[in-house]
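Every read-out reported here was derived from the displayed coordinates using simple, explicitly stated rules and does not represent laboratory data. Since the model is a prediction, treat every value here as computed from it, not as a measurement. With ideal geometry, Cβ positions are generated from the backbone for all residues, glycine too; neighbour counts draw on all protein chains shown.
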């Protein structure tokens, strides 16, 4: 089932149950899918496009949470966190940090990276393998930590 179809079905369920936060979040996701379809890309959406939409949505909300917390608006931060939870249901299972460290260590060994100057060699391979499974900031931290 495509992301659009899945979101549409879940929207119907959210409407029937009266879950406003879920419904608003799903409407936003559906709007982003429709925007992509009308963008003139000349192709149907694939799994990578779905992942980009979902990850960018989560990233925007995390940034908003950070800003709301700095501004002393915990109620708005809570709403954004609730939306993040809804969006994460559509992402692959999130990996824990120790699993990711093992993968990063393997990739560092494969690429022959030795110092922090080799960050540019390692990061593309790591992001390709862990995309959607872990937040980019966390991946960045792990790579920096493991490269001396």
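Observations, loosely collected:
- Qualifying positions in segment 62-108 - loosely packed, with under 14 Cβ neighbours inside 10 Å, closer than 29 Å to residue 47 by Cα and over 20 Å from the mean Cα position of the chain (by Cα): 102, 105, 106
- Checked against the criteria, residue 13 does not count as assigned to a helix (DSSP H, G or I), surrounded by 12 or more Cβ atoms within 10 Å (Cβ to Cβ) and in contact (Cβ under 8 Å) with a residue 12 or more places away in the chain.
- Residue under evaluation residue 67, criteria (1) part of a helix (DSSP H, G or I); (2) in contact (Cβ under 8 Å) with a residue 12 or more places away in the chain; (3) touching a helix residue (DSSP H, G or I) at 6+ places or on another chain (Cβ under 9 Å), criterion not met: (2)
- The set of residues from segment 16-37 being touching a residue at least 12 places away in the same chain (Cβ under 8 Å) and closer than 17 Å to residue 85 by Cβ comprises 21, 22, 23, 24, 25, 26, 27, 28, 29.
- Once segment 109-134 is narrowed to residues that are in contact (Cβ under 8 Å) with a residue 12 or more places away in the chain and within 16 Å of the chain's Cα centre (by Cα), the residue that is surrounded by the most Cβ atoms within 10 Å (Cβ to Cβ) is 126.
- Scan of segment 38-55 for residues that are touching a residue at least 24 places away in the same chain (Cβ under 8 Å) and either surrounded by fewer than 16 Cβ atoms within 10 Å (Cβ to Cβ) or more than 13 Å from residue 90 (Cα to Cα) (or both), ordered by number: 45
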